[in-house]
Each structure stands twice: as C-alpha cells, then as structure tokens.
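Structure record follows, encoded as structure tokens.
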Amino acid sequence: MTADADAYTEATDCNDNNPGVNPGAAETCDGFDNNCDARVDEGCASCTDADHDGFFAQTGCLTAVDCNDTDDTIRPNAAELCNGRDDNCTGVADEGFDLTSNPAHCAACDHACSFVNAVSVCVDSVCQLGSCNSGFANCNTDAGDGCEINTWTNAENCGSCGMRACGDCTRRRSASPVRAACNAPRAIQTATRIPLTVARLTPTPTRQLRRLRQ
C-alpha cells in the first residue's frame, strides 16, 4: 500500500507522503534525497557562500546566484547604487540612474554639477549653468566662475548687468530713475542740465522792471 499514490510502498519509499520522492525519482539539487538512495543532491555542484551573504555562487543551490561571492554587499537582493558596479547581480551596473540629465550624477556616478551662486543642470551628460540665484548675475558670460556679480551691492552692475549706480548701490538699487540717469549717455546728462543753468542766469520780467525803476 502506498500513501502518496506513487506506486512505491513504505518499504522502499523513503517519503511516502511525497509523490515526488521515491526510488524512481530523479535527484534534484534541492537539499532532499529525492531518489531514496540515502544521499542528498548527489551529482549536484558544490554550493559555496564564501562571503556569507546567504546566496550561493553556483546554480542549483536553492538561491539566486551570487555574482560576486567575495563581497557581501554585492548579492541578488541588494539595492543598486550609482557606483559603476552591478550591486544586485542583474548583469547591469547602475540601472535606474540617469547619467545624462541628473546634476548629481552628470556623465558619471557622483559627478555633481556645481556653479557659484547658481542652479546647475545636466544636459546630455554635460554640466551647465542653469540660472543665477536671486541677487546675482553672470555679467561676464563665463560659466566658469558662475554668477560672479552681486547685483545688490555692485555699483557698476546695480540691479542688473551694466547698470551703474549714482553712489551706493545698496541704498539706490531700488531707485530706478537714479540708475537711469546714471546710465544715460553723458551728452544727454549734460543737455538736461543746460536749461536749468540758463534759467538761473536769465533775469525774470519782475527783476527787469525793478532794475528800470532803479
């Protein structure tokens, strides 16, 4: 009589509760004696876990294959990091990381874009100056030194590039008429003063009448 209906009785079946285990079954590498010959996993490859991370380096050892059995941080269930290595044994290094547009990993892992007083961007794996922080400007158009001008304090670039301040930019940066007059061509500035000078030198009708009476 057989309990598992595999045609083998308890006399020869080493596990009469499992139809997959009997003298006529093929041995599989699963940690059991499948064919009832008193041996376990005969013919299977030796299973080694040199780095003791819980994953064997060989196939048929009941775990996913460890692609690097000398490093316990590299294993099938590890989190993939941006480091140029295949941390999770998928056969691909750094999957999930964008090296073409991520300013923290531009063109390579941990290659961060950085520009002074500015927001950095990564375009086609090339670091670029995106925009200047508030109060700063790239007046020399050289991204190498970032946004080098503080437009809140720089008298030659008060409020924006090329706008000169008449005096202290810190106090006058919000006074646009003053900046406009400072940045007007010199000839125009002179011309605006001439009528005022002439007006002071030309006697008024009242003054002429007083002189005649004298």
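Every number here is computed from the coordinates shown, using simple stated rules; none is lab data. Everything numeric in this text was worked out from a predicted model, so none of it was measured. Positions of Cβ are backbone-derived with ideal geometry, glycine not excepted, and every protein chain shown enters the neighbour counts.
Would you mind counting up the charge near Leu62? Only other residues with Cβ under 13 Å from its Cβ, with Lys and Arg at +1 and Asp and Glu at -1.
Around Leu62, the charge tally is -4.
In whole angstrom, how far apart do the alpha carbon centroids of the stretch 121-142 and the stretch 64-100 sit?
Measuring centre to centre over Cα atoms gives 34 Å.
Considering the options Ala118, Gly43, Ala25, tell which one lies farthest towards the positive end of the dipole of the stretch 23-148, charges being +1 on Lys and Arg and -1 on Asp and Glu at the Cβ, about the Cα centre.
So the residue we want is Ala118.
Restrict the search to the stretch 18-98; then list the chymotrypsin sites (Phe, Trp or Tyr not before Pro) that DSSP places in a loop and that have at most 15 other Cβ atoms within 10 Å of their Cβ.
Those that pass, being in a loop and sparsely packed, are Phe97.
Sort largest first and round to whole Å: the equivalent ellipsoid semi-axes of the stretch 28-81, each the square root of five times a Cα gyration tensor eigenvalue.
27, 9, 7
If you stretched the chain out fully between Thr12 and Glu156, how much longer would it get, using 0.36 nm times the residue separation minus the C-alpha to C-alpha distance?
Between Thr12 and Glu156, full extension yields an extra 41.8 nm.
Kirkwood hydrodynamic radius, computed over distinct alpha-carbon pairs, for the stretch 34-139: how many Å, to one decimal?
17.2 Å
Normalized C-alpha radius of gyration of the stretch 1-47, against 2.2 N^0.38 Å?
Rg over 2.2 N^0.38 Å, computed on Cα atoms: 1.14.
In debye, nearest 20, what is the charge dipole magnitude of the stretch 37-88 about its Cα centre with +1 on Lys and Arg Cβ and -1 on Asp and Glu Cβ, if you could check?
80 debye
Starting from the Cα of Gln128, step 7 Å along the direction of its Cβ; do the same at Thr100; then give the gap between the two resulting points in nm.
1.4 nm
Calculate, in nm to one decimal, what Asp145 and His111 gain on full extension: separation in residues at 0.36 nm each, minus their alpha carbon distance.
10.4 nm
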